[in-house]
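> Take this structure, written in structure tokens, and hold onto it; I'll ask about it next.
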Amino acid sequence: MLPQLLAKAGMDAYVFTRPLTHLNPEISRGAFCWESADGSRVLAFHIYEGSGFGDYGNFGPLDQKIEANVGLLGDEWPLMMAFYGVGNHGGDPTIENIEQIVDRQAAGGAPELIFSSPDAYFDAVRANQAHAAGLPDWRDELLHCAPGCYSTTMTVKRANRRRKPTGERRKMERRRRMGGGRSVGDGDAR
């Protein structure tokens, strides 16, 4: 499982969007501990609403996105990450995005918005041991998401078929290797 690979690579935290909540509603939104069968653990953060909005996204204006994330805050833990940027898969923040956040910071009130990083967020989670101990645990795969969506071009699909022989193709290869009425094994060379 991925937590084992991440831990062995020296990573202790992981941020992801997919699978989206509707594909696997059992996965916690926000922070949780993700554990592999071997006991390897990483802190994980499930981005609630993706990171894209604006002209190319479908998540509405920045204020709506902020409010949706604020709705996930519990009374016991006042920190939440919110990712933003223009485009379908995040992208860069616009000057307007940054100005909107700065305006909300100047206005005060809840929530307090800060420009930060995932590392700073995970450090804050670890520093609050009572909260970290109460995070939900996830001990399963997240879920394969959108199979085939990254191999929609004919060139990629053709290359994948060549690299990954199907059962029928394997049978054809075996028949081709037949010689003189006897089967030629994989180790035989002619």
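What follows is calculated from the coordinates using simple rules that are stated; it is not laboratory data. As the structure is a computational prediction, the values presented were derived from the model and not from experiment. Heads up, the Cβs are rebuilt from the backbone with ideal geometry, glycines too, and the neighbour counts pull from every protein chain shown.
> Rank these for me by crowding, Met80, Met1, going from fewest to most other beta carbons within 10 Å. Could the numbers behind the result be given before it?
Details: Met80 19, Met1 15.
Fewest to most other Cβ atoms nearby, the residues stand as Met1, Met80.
> Still on this structure, I have one more. Can you tell me how much longer the chain between Phe115 and Arg174 gets when fully stretched, taken as 0.36 nm per residue apart minus their C-alpha distance, in nm with one decimal?
15.2 nm
> Ranked highest first by the average count of other Cβ atoms within 10 Å around their residues, in what order do 16-22, 31-37 fall?
Working: 16-22: 14.4, 31-37: 19.3.
Ranked from most to least packed, the peptides come out as 31-37, 16-22.
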